[in-house]
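Note sheet for the following structure.
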Amino acid sequence: MAPRTDPSIDAAVVALAERQHGVVARRQAERLGMTRTVWLARTAGPGWERLGDRVARRRGSVDDEAQRAMAAVLDAGPGAYLSHASAAAWWGVPGDRLEPIQVINARRPVRSALATVHLPRHLPDPFAAVLAGVPVVRPSLLLLQMAIDMHPEQLRRRLDWMWSRRLLSGPSLRAELTPIMGRGRPGSAAIRALLDSLPAGYVPAASGLESRFDQIVRDHGLPPMRRQVDLGDDERWCGRVDFLAEDVPLVVEVQSDLYHRALSSELDDRRRRARLEGAGFVVVEVDERDVWHRAGEVARRVRAGHWQARRRGTARPGPAA
């Protein structure tokens, strides 16, 4: 006879699995009140399939890359994140594959039947994100991992791809990695050489989203705007913005649905906007879906922002050198 348990605990475990691509870890079930005896009985029954000793999947759930990635992260224990080529594939970097799955565990070494687990040295802060529900290392740390055994030209192409999609930039890469790139750190020399090779003011080719916004600017007769501009001076840093008007202190930020949610918190967004507005800029934020499907609404909002910026005057910090 199967052991009895509170039905609400079973329901909570099922609900958690549904939020995690159909998988759940034993430790998570135990935190919800399920004993190990009950876990073993439930995951041996018709509703579940065990994936090793520490993770189970709901039968009937979709067996896809997202589920396998989530199962591998859960199996590697608390503090685990997709990393290396698996992380690159999860961020969508061309040429990399999710499987065989690689993860890091930021807390302790763990053996996993579902992934190769790396124990990292000196992680940057922050070093991780959640993309499409799966914990994954941030692009800056990913590029450092890639730099260990990648040809410089391949590394440069990866940098350009990530930069053009606003996953990182040269300045953000330098800021995030400099504190951990000591002598002897694998990949450090390659990253420093890559950053030093970039000409002043370097900006990679536009992404499809940026090109679409440029087209809206042209089609609707909006004033010219510069793409990917660093704003700040020696005393005040505002960051890199997507578009800056050439004639007035107007910033337009194009928010990518997938990547922006993964890399920025609501608090980060408020602070960034406050810095820009405190420096005298008018900030207009437009959504990726509107850029692709509601060009007229995007043009209306940019035009209104331009009018407001013209009334405000000149912003204090100019483009950073």
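The values are calculated or read from the model by the stated rules, or taken from the named source; none is laboratory data. All values derive from a computational prediction rather than experimental measurement. Neighbour counts are summed over all protein chains in view; Cβ atoms, including those assigned to glycine, are modelled from backbone coordinates with ideal geometry.
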Which residues, counting only those in region 286-303, are without any contact (Cβ under 8 Å) to a residue 12 or more places away in the chain and either surrounded by fewer than 16 Cβ atoms within 10 Å (Cβ to Cβ) or not in a helix (DSSP H, G or I) (or both)? HIS293, ARG294, GLU297, ARG300
Please indicate, with yes or no, whether at least one residue in region 132-142 is of a type in the set (D, E, K, R) and over 30 Å from ARG227 (Cα atoms). no
Among (1) within 16 Å of SER83 (Cβ to Cβ); (2) outside any helix (DSSP H, G or I), GLU176 falls short only on (2)
Report, by residue number, each residue of region 251-276 that is surrounded by 15 or more Cβ atoms within 10 Å (Cβ to Cβ) and charged (D, E, K, R). GLU253, ARG261, ARG272, ARG273, ARG275
Looking at (1) at pLDDT below 85; (2) surrounded by 19 or more Cβ atoms within 10 Å (Cβ to Cβ); (3) assigned to a loop (DSSP other than H, G, I, E, B); (4) not small (Gly, Ala, Ser), which is the only condition LEU168 fails? (1)
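Check region 83-92 and report whether any residue there is part of a loop (DSSP other than H, G, I, E, B), at pLDDT below 95 and either buried (at least 22 other Cβ atoms within 10 Å of the Cβ) or in contact with an Asp or Glu (Cβ under 6 Å, 6 or more places away or on another chain) (or both). Can you show your working first?
Filtering region 83-92 down to residues part of a loop (DSSP other than H, G, I, E, B) leaves 83, 92.
From what's left, at pLDDT below 95: 92.
This time we only want the ones that are either buried (at least 22 other Cβ atoms within 10 Å of the Cβ) or in contact with an Asp or Glu (Cβ under 6 Å, 6 or more places away or on another chain) (or both), so: none.
No, every residue in region 83-92 fails to be part of a loop (DSSP other than H, G, I, E, B), at pLDDT below 95 and either buried (at least 22 other Cβ atoms within 10 Å of the Cβ) or in contact with an Asp or Glu (Cβ under 6 Å, 6 or more places away or on another chain) (or both).
Please go through region 57-78 and pick out each residue that is among the small types (Gly, Ala, Ser) and under 18 Å from ARG31 (Cα atoms).
So the first thing to find is which residues in region 57-78 are among the small types (Gly, Ala, Ser), and the list is 60-61, 66, 69, 71-72, 76-77.
Scanning region 57-78 gives ALA71, ALA76, GLY77.
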Conditions first: (1) in a strand (DSSP E or B); (2) modelled with pLDDT under 90; (3) not acidic (Asp, Glu). ARG261 passes all but one, so which condition is the exception? (1)
Of the candidates ARG138, ARG107, ARG157, the one satisfying the condition of being surrounded by 22 or more Cβ atoms within 10 Å (Cβ to Cβ) and among the charged types (D, E, K, R) is ARG138
Between residues in region 170-182 that are hydroxyl-bearing (Ser, Thr, Tyr) and residues that are crowded, with 17+ Cβ neighbours inside 10 Å and at pLDDT 90 or above, which pairs lie under 7 Å by C-beta distance while being six or more apart or on different chains? SER172/SER140
Picked from region 1-57 (must be touching a residue at least 12 places away in the same chain (Cβ under 8 Å) and of a type in the set (Ser, Thr, Tyr)), the residue nearest to LEU74 (Cα to Cα) is THR43
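Can you pull out the residues in region 110-129 that are among the hydroxyl-bearing types (Ser, Thr, Tyr) and assigned to a strand (DSSP E or B)?
Going through region 110-129, the residues among the hydroxyl-bearing types (Ser, Thr, Tyr) turn out to be 112, 116.
Within region 110-129, THR116 is the sole residue that qualifies.
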Can you confirm whether region 84-97 contains a residue that is farther than 29 Å from THR178 by Cβ and either in contact (Cβ under 8 Å) with a residue 60 or more places away in the chain or out of contact with any strand residue (DSSP E or B) (no Cβ under 6 Å at 6 or more places or on another chain) (or both)? yes
